[in-house]
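What follows is one structure encoded as structure tokens, with my remarks underneath.
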Number of protein chains: 2
Amino acid sequence: MAKIDIHTLAEVLNISTSTVSRAFRNTNDINPETRKRILEKAAELNYQPNHYASNLREQKSKTIAVIIPELANNYFSQIIQGVEKVAKTAGYHILIFVTDDDIQKEREFMRSLSNGRVDGVVMSASGEATDHSYLNNIESFGFPLILFDRIYEEVGVPKIITDDYNSSYHATQHLIDNGCERIAYLVVNKEQSIGKTRMQGYVDALKKNRIPIRKRLIVDCTNSYEENAVIIEHMIEVNHPDGILASVERLAFSTYQVCQSMKLQIPQDIKIAAFSSLEIASLLNPPLTTIKQPAIKIGEKAASLLLEKLADENPKQTHQEFVLESELMIRDSSLKGSY
Amino acid sequence: MAKIDIHTLAEVLNISTSTVSRAFRNTNDINPETRKRILEKAAELNYQPNHYASNLREQKSKTIAVIIPELANNYFSQIIQGVEKVAKTAGYHILIFVTDDDIQKEREFMRSLSNGRVDGVVMSASGEATDHSYLNNIESFGFPLILFDRIYEEVGVPKIITDDYNSSYHATQHLIDNGCERIAYLVVNKEQSIGKTRMQGYVDALKKNRIPIRKRLIVDCTNSYEENAVIIEHMIEVNHPDGILASVERLAFSTYQVCQSMKLQIPQDIKIAAFSSLEIASLLNPPLTTIKQPAIKIGEKAASLLLEKLADENPKQTHQEFVLESELMIRDSSLKGSY
DNA sequence: TTGTAAGCGTTATCAT
DNA sequence: ATGATAACGCTTACAA
């Protein structure tokens, strides 16, 4: 181990700790020669300024937290990619927190982070649309927060969302245009921000087309593949939808599986469109029509906004809302007459 | 902000800082009443012990680093899932470092972590099999390291790998059994641990079957989808393989795309098997035969090993190698007569 | 059971 | 350009 600290290094060099410290910072009140000597010796002895001591002293960590509901999800993996990429270029590191869709954990994470562990946080919420009282005094947390995707509307922080309502509306209209009359909407939590918004787009598109809204076609699913397979199969058997709009990717996969096992043909027997940022949607059988969210971009944007705030001396309490565009990628799974 | 520290809290309660400190640790040399009073007040004032001060004092961080070559990769996402899950249950957090396949960055990360930032590291290497001199004195880094998947053979730390050689051998044999005689091997870096081992399995299976090894069928690819498409298309045009073994998932996707655009039928014209932990391989068109690595399990195992080391008072310098089994999931993409 | 005080390894301020 | 010293906020002997 032989951990070497600034004192021993200073001693070896017959120099003071302050000078050593200076050598590592880009200040110019140090003799270039001296700096060179110090850095060389440091490399030789493998000295690294202690991160915790520095942070304690400087009151910042060059670290940002990413709080997300789950990790087993292509969408959030891509979010992390985006955040990581931007953070890295600014010399920041990322710390990952997964709430497992539990708002208690979310709150605990947020609270525990008030200890200065990170300089800021980007988060996709786990709670329901209105359930965020713990964030009432966001300033008191002592760090900037950026919300993305699953947001709490009333919290006064910058937010990044996609145009979920429109996307959902258009995807539904697209299914209708392709002959669907009984479209099911699959959702994990219809009370939560995105599940709710997407449902509204679906509902309004049906209304606009004078198609009755059937409660039984709005299906609450879970986070378990097995359970969802059962739920979806049952729903199909009982309600015979001719179209399906999946509010998250995973539900489309389950539907594909169910259709395979029920020997239902997509899109002949049932058409499908799904919110998804899957890159290989076109390789599926059949190619899946997706509402493609720019997940990586969302991550990048969230990180950029956060870094901006961190760079800003006295950041105003903005709560701007940034809307990124999703793209409806029409593929065979939703097309009439593509067979 | 109004950050409150242990002193002010102590003052408010008319009590000493040590007592406050004790209230937060599970020690019993404190009056339960006092503790209760303290914790209540702390909650009220939203006091959180400063993480960096604690860490500095205790010389540990309850944080582990995950160093991986890339994030835009289903395999590594699953690794992170596994690590995160295990870490969380032990109260650890994870810090992510992405090297972009650059061994310089890997070395810098490792070096910088010697500053006590994390208690331990799990890593999948970015360098080539022999290129790890910087790890010669692993003890001097001052933290335990676990290597997984892309390992450096000679480094004396615990390693977790899958039975790549056998998997590759069997997958190749499987392609041969299904009538392939000109099997191409797609690899990103054939000098690197896994690319190399997997190639060996491929080569030996060919030899065993007295099929000549053709250099031109061993194809170096890159990390770019676009470039790979070009490379693979060119290779197919020139060398007319009737089978393909992809050493990483991404190369199989590119092959699917190329086949689509070249109007080649899988598996009729060309059969494919790939190393991949993709969960929806069976939904592809056609379903993709995979050598399915237990990515999440690998992550879990790596984390468990690390935590064991961390719990151990004086960990012996073990360098055990754990081999997890991959599973050959035979699907249509590699089958003769499944059409 | 509680308090006092030293120290974890830095960096910033002030002197020199 | 360099050095001495006092924080940063916490934990833990040791003392009471």
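Condition check ((1) at pLDDT below 95; (2) under 30 Å from A:LYS190 (Cβ atoms); (3) touching a strand residue (DSSP E or B) at 6+ places or on another chain (Cβ under 9 Å); (4) aliphatic (A, V, I, L, M)) across all residues:
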residue	(1), (2), (3), (4)
A:ASN28	yes, no, no, no
A:LEU45	yes, no, no, yes
A:GLU58	yes, no, no, no
A:HIS93	no, no, yes, no
A:THR99	no, yes, yes, no
A:GLU106	no, yes, yes, no
A:SER124	no, yes, yes, no
Going by the conditions given, is A:THR197 assigned by TED's automatic domain parsing to the domain that holds A:GLN268, within 22 Å of the chain's Cα centre (by Cα), without any contact (Cβ under 8 Å) to a residue 40 or more places away in the chain and under 22 Å from A:ILE270 (Cβ atoms)? no
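Quick check, is B:GLY179 on the phi > 0 side of the Ramachandran plot and either touching an Asp or Glu at 6+ places or on another chain (Cβ under 9 Å) or in a loop (DSSP other than H, G, I, E, B) (or both)? Before you say what the answer is, go through the steps one by one.
Numbers: on the phi > 0 side of the Ramachandran plot: yes; either touching an Asp or Glu at 6+ places or on another chain (Cβ under 9 Å) or in a loop (DSSP other than H, G, I, E, B) (or both): yes.
In short, yes.
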Give segment A:142-157 a look and list any residue that's surrounded by fewer than 20 Cβ atoms within 10 Å (Cβ to Cβ) and within 14 Å of another protein chain (Cβ to nearest Cβ), or say none. A:GLY142
A:LEU251 passes all but one of (1) within 14 Å of another protein chain (Cβ to nearest Cβ); (2) more than 29 Å from the chain's Cα centre (by Cα); which number fails? (2)
Report whether or not B:LYS271 is basic (Lys, Arg) and crowded, with 24+ Cβ neighbours inside 10 Å. yes
Has segment B:57-67 got at least one residue that is more than 16 Å from DNA strand D (Cβ to nearest atom) and polar (S, T, N, Q)? no
Test B:GLU313 against the criterion of being more than 11 Å from chain A (Cβ to nearest Cβ), acidic (Asp, Glu), closer than 18 Å to B:SER247 by Cβ and open to solvent by 60 Å² or more (accessible area, probe 1.4 Å), and give yes or no. no
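Kindly indicate which of B:MET123, B:MET110 is more than 30 Å from B:GLU279 (Cα to Cα) and open to solvent by less than 10 Å² (accessible area, probe 1.4 Å).
Numbers: B:MET123 fails: more than 30 Å from B:GLU279 (Cα to Cα).
On inspection, the qualifying residue turns out to be B:MET110.
Please verify whether segment B:255-263 includes one or more residues that are more than 25 Å from A:SER261 (Cα to Cα), within 14 Å of chain A (Cβ to nearest Cβ), surrounded by fewer than 17 Cβ atoms within 10 Å (Cβ to Cβ) and not hydroxyl-bearing (Ser, Thr, Tyr).
Here is the first cut: in segment B:255-263, the ones more than 25 Å from A:SER261 (Cα to Cα) are B:255, B:257-263.
Add one more test, that the residue is within 14 Å of chain A (Cβ to nearest Cβ), and what stays is B:255, B:257-261.
Next cut, surrounded by fewer than 17 Cβ atoms within 10 Å (Cβ to Cβ) only: B:260-261.
Of the ones still in play, those that are also not hydroxyl-bearing (Ser, Thr, Tyr) are B:260.
Yes; the residues of segment B:255-263 include at least one that is more than 25 Å from A:SER261 (Cα to Cα), within 14 Å of chain A (Cβ to nearest Cβ), surrounded by fewer than 17 Cβ atoms within 10 Å (Cβ to Cβ) and not hydroxyl-bearing (Ser, Thr, Tyr).
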Just wondering, is there one or more residues in segment B:119-128 that are within 17 Å of B:LEU307 (Cβ to Cβ) and within 16 Å of DNA strand C (Cβ to nearest atom)? yes
Considering B:TYR134, B:TYR165, which residue is away from every other protein chain (no Cβ under 12 Å), open to solvent by 30 Å² or more (accessible area, probe 1.4 Å), in a helix (DSSP H, G or I) and not charged (D, E, K, R)? B:TYR165
For segment A:72-90, indicate whether the set of residues that are at pLDDT 95 or above, within 23 Å of A:LEU145 (Cα to Cα), away from DNA strand C (no atom under 11 Å from the Cβ) and loosely packed, with under 14 Cβ neighbours inside 10 Å is non-empty. yes
Would you pick out the residues in segment A:78-104 that are under 20 Å from A:ILE194 (Cα atoms) and without any contact (Cβ under 8 Å) to a residue 40 or more places away in the chain? A:VAL98, A:THR99, A:ASP100, A:ASP102, A:ILE103, A:GLN104
Selection from segment B:8-53 of residues near DNA strand C (Cβ under 8 Å from one of its atoms) and acidic (Asp, Glu) yields B:ASP29, B:GLU33
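Take A:ARG111 and decide whether it is of a type in the set (Lys, Arg), within 30 Å of B:ILE6 (Cα to Cα) and in contact with a strand residue (DSSP E or B) (Cβ under 9 Å, 6 or more places away or on another chain). Quick ask: steps written out before the conclusion?
Details: of a type in the set (Lys, Arg): yes; within 30 Å of B:ILE6 (Cα to Cα): yes; in contact with a strand residue (DSSP E or B) (Cβ under 9 Å, 6 or more places away or on another chain): no.
No, not satisfied.
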Subset of segment B:58-71 [at the interface with another protein chain (Cβ under 9 Å from one of its Cβ atoms), at negative phi and within 16 Å of DNA strand C (Cβ to nearest atom)]: B:SER61
Failed item in (1) within 14 Å of chain A (Cβ to nearest Cβ); (2) more than 13 Å from DNA strand C (Cβ to nearest atom); (3) modelled with pLDDT under 95, with B:ASP5 passing the rest: (2)
Tell me the residue from B:ILE232, B:ILE211, B:ILE244 that is away from chain A (no Cβ under 14 Å), open to solvent by 10 Å² or more (accessible area, probe 1.4 Å) and in contact with a strand residue (DSSP E or B) (Cβ under 8 Å, 6 or more places away or on another chain), please. B:ILE211
Mind listing whichever residues of segment A:28-54 are within 8 Å of DNA strand D (Cβ to nearest atom) and more than 10 Å from chain B (Cβ to nearest Cβ)? A:ASN28, A:ASP29, A:ILE30, A:ASN31, A:PRO32, A:GLU33, A:THR34, A:ARG35
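The values are calculated or read from the model by the stated rules, or taken from the named source; none is laboratory data. Just so it is clear, the structure is predicted and the values come from calculations on it, not from any experiment. As a convention, Cβ positions derive from the backbone with ideal geometry for all residues, glycine included, and neighbour counts pool all protein chains shown. Please note that ligands, DNA and RNA were not included when accessible areas were found on the heavy atoms of the full protein model with its side chains. Shrake-Rupley method; radii C 1.70, N 1.55, O 1.52, S 1.80 Å.
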